[in-house]
1. Select from the stretch 104-116 the residues that are assigned to a helix (DSSP H, G or I) and either surrounded by 15 or more Cβ atoms within 10 Å (Cβ to Cβ) or touching a strand residue (DSSP E or B) at 6+ places or on another chain (Cβ under 8 Å) (or both) and list them in ascending order.
2. Residue 176: in a helix (DSSP H, G or I), closer than 19 Å to residue 98 by Cβ and either modelled with pLDDT of 90 or more or touching a helix residue (DSSP H, G or I) at 6+ places or on another chain (Cβ under 9 Å) (or both), yes or no?
3. Identify, from the list 105, 94, 121, the residue that is in contact with a helix residue (DSSP H, G or I) (Cβ under 6 Å, 6 or more places away or on another chain) and more than 18 Å from residue 9 (Cβ to Cβ).
4. Return only the number of the condition from (1) modelled with pLDDT of 95 or more; (2) farther than 24 Å from residue 180 by Cα; (3) crowded, with 18+ Cβ neighbours inside 10 Å that residue 12 does not satisfy.
5. Out of 111, 56, which single residue is closer than 17 Å to residue 17 by Cβ and modelled with pLDDT under 95?
6. Any residue that is assigned to a loop (DSSP other than H, G, I, E, B), out of contact with any helix residue (DSSP H, G or I) (no Cβ under 6 Å at 6 or more places or on another chain) and modelled with pLDDT of 95 or more - is there at least one of those in the stretch 132-145?
7. Taking residue 75 and the conditions (1) modelled with pLDDT under 95; (2) closer than 28 Å to residue 6 by Cα, which numbered condition does it fall short on, given that it satisfies the others?
């Protein structure tokens, strides 16, 4: 059975939300009509970025003081994931809202930071996002292609019983791509 992408991404949102709930009494909504496809993309972008940070064994708290610019790399990574999570929605006439998404992503990834720091992260992250998106160099094209394939594989793995993989197998791959991006923007 073929399911609309918007329903898949909403289902994936519900499944990942259920994974993150620590309170057995707190349960995600079961009706997919209660979910919004763009909000699902926001959530999934943050979810895979958090998982990537963990898999890459990064420490945003330490980097805040030692290498603040690395936080904008995480922001750019999440924006790229958002772009790839939302790309298939165009077939359903659902347009991404990148300006709103980048604020939501920053406030989620960096909750508790002062507004001035959030603004700096958003601006620098968006600049990196644009550089990567516009770059014609082969390694950036390959990076974009790999992240695009990974986001699709993640959604399929989590929502299709016939998928050869499950999302737990795919999640560590987000960490590998994040490590590549961090290396590319590492300060010397």
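The values are calculated or read from the model by the stated rules, or taken from the named source; none is laboratory data. Remember, it's a predicted structure, so these values are computed and weren't measured experimentally. FYI the Cβ positions are ideal-geometry reconstructions off the backbone, even for glycines, and counts take in every protein chain you see.
1. Across the stretch 104-116, the qualifying residues are 104, 105, 106, 107, 108, 109.
2. So residue 176 fails the test.
3. 121
4. In the conditions (1) modelled with pLDDT of 95 or more; (2) farther than 24 Å from residue 180 by Cα; (3) crowded, with 18+ Cβ neighbours inside 10 Å, residue 12 misses (1) alone.
5. Unique residue meeting the criteria: 111.
6. Checked the stretch 132-145: no residue is assigned to a loop (DSSP other than H, G, I, E, B), out of contact with any helix residue (DSSP H, G or I) (no Cβ under 6 Å at 6 or more places or on another chain) and modelled with pLDDT of 95 or more.
7. Among (1) modelled with pLDDT under 95; (2) closer than 28 Å to residue 6 by Cα, residue 75 violates only (1).
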